Amino acid sequence: MNTKTNDKFNAKTQMSEGVCTVFLSGELDLSVAPDFRLVMEPLVGNSEVDLIVNMKDMTYIDSTGIGILLSILKARHGMEARFAVEEVPPQIQKLFDMTGIAKFFQS
Amino acid sequence: MNSDVQRVTLNLPASAEYVDIVRLNLYGIASKMGFSYEEIEDMKVAVSEACNNSVLYAYSQEGGMVEVLFQVTSESLSITVRDEGESFDSVGAVGNRSLHDKDLSEVQIGGLGFYLMEALMDEVSVTNQAGKGTEVMLTKRLARSEERV
């Protein structure tokens, strides 16, 4: 169980039946980007499981956060392992559509 | 009345921990002006990206400051983010392209910040002066339900 607690940003990891889900809450911005990288780093390399980020309780993401998601997409794509996002709030989905990262999550 | 400009100025350390303070102030001012929830969310992202650039690129040493100036009129909100950093051409350096026409293999991390500012605001201007820092001015116009005479 990999848990990172912070006043404004929080990540909880849950493992079950070949799926690893990271539940994020709060604001993912420049100031907590190192925390998010730290949570994701040990999970990205495991190609045996699907990696999912649940965004239900996220209130904000900036280009730093989107950049980290992109680098994870690239790494997972390289090892032919699944990486997806779920329960994306509308204001965050809008940024995914706008930047073009949305199409990489479709698979 | 339209020519009246009211100003609010914030001076903050050029540090990532203070960018959310800018968002909180923006929320307060923009909601007072009558912007919609979605418009405020858009402005939050754009202004944060401008601040991020100052935090990341302006200063090579700690102790630098960022000034955020809110200019409120009856028609629009302009937010100017100014630093006194090394002023390298951050727009040219990081680019401002979206990922729409790219494959994952050719995508480079970074450069989305300026793209988002331009996509989310009505006007964006960037002024770079060698040795005098960078100034990014972002403007959002208030949508009017009715024209006043």
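The values are calculated or read from the model by the stated rules, or taken from the named source; none is laboratory data. Please read these numbers as outputs of a predicted model, since none were measured by experiment. Every residue, glycine among them, receives a Cβ derived from its backbone with ideal geometry; neighbour counts consider all protein chains shown.
From the list B:Val45, B:Val72, B:Val55, the one residue that fits, being closer than 30 Å to A:Ile72 by Cβ, touching a helix residue (DSSP H, G or I) at 6+ places or on another chain (Cβ under 8 Å) and modelled with pLDDT of 95 or more, is B:Val45.
When A:Ile61 is tested against the conditions (1) within 14 Å of another protein chain (Cβ to nearest Cβ); (2) in contact with a Ser or Thr (Cβ under 9 Å, 6 or more places away or on another chain); (3) in contact (Cβ under 8 Å) with a residue 24 or more places away in the chain, the lone failure is (2).
Do we have any residue at all in segment B:7-22 that's touching a Phe, Trp or Tyr at 6+ places or on another chain (Cβ under 6 Å) and not β-branched (Val, Ile, Thr)? Scanning segment B:7-22, I find at least one residue that is touching a Phe, Trp or Tyr at 6+ places or on another chain (Cβ under 6 Å) and not β-branched (Val, Ile, Thr), so the answer is yes. Picking from residues in segment A:81-107 that are at the interface with chain B (Cβ under 10 Å from one of its Cβ atoms) and of a type in the set (A, V, I, L, M), the one that is surrounded by the most Cβ atoms within 10 Å (Cβ to Cβ) is A:Leu95. Within segment B:100-122, if we keep just the residues that are among the charged types (D, E, K, R) and under 19 Å from B:Ser76 (Cβ atoms), the residue that is surrounded by the fewest Cβ atoms within 10 Å (Cβ to Cβ) turns out to be B:Asp122.
What number of residues in segment B:2-25 are among the hydrophobic types (A, V, I, L, M, F, W, C), away from chain A (no Cβ under 12 Å) and either out of contact with any strand residue (DSSP E or B) (no Cβ under 6 Å at 6 or more places or on another chain) or not in a strand (DSSP E or B) (or both)? Walk me through it before giving the result.
So the first thing to find is which residues in segment B:2-25 are among the hydrophobic types (A, V, I, L, M, F, W, C), and the list is B:5, B:8, B:10, B:12, B:14, B:16, B:19, B:21-22, B:24.
Imposing the further condition that a residue be away from chain A (no Cβ under 12 Å) reduces the set to B:5, B:8, B:10, B:12.
Add one more test, that the residue is either out of contact with any strand residue (DSSP E or B) (no Cβ under 6 Å at 6 or more places or on another chain) or not in a strand (DSSP E or B) (or both), and what stays is B:5.
Counting residues in segment B:2-25 that are among the hydrophobic types (A, V, I, L, M, F, W, C), away from chain A (no Cβ under 12 Å) and either out of contact with any strand residue (DSSP E or B) (no Cβ under 6 Å at 6 or more places or on another chain) or not in a strand (DSSP E or B) (or both) gives 1.
Restricting attention to segment B:40-68, the residues that are more than 12 Å from the chain's Cα centre (by Cα) and within 11 Å of chain A (Cβ to nearest Cβ) total 4.
For (1) under 16 Å from A:Tyr60 (Cα atoms); (2) touching a residue at least 12 places away in the same chain (Cβ under 8 Å); (3) exposed (fewer than 14 other Cβ atoms within 10 Å of the Cβ), each residue gets a yes or a no:
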| position | (1), (2), (3) |
| --- | --- |
| A:Ala11 | yes, yes, no |
| A:Ser16 | no, no, yes |
| A:Thr21 | no, yes, no |
| A:Ser25 | yes, yes, no |
| A:Leu28 | yes, yes, no |
| A:Val32 | yes, yes, no |
| A:Asp35 | yes, yes, no |
| A:Leu38 | no, yes, yes |
| A:Leu43 | no, yes, no |
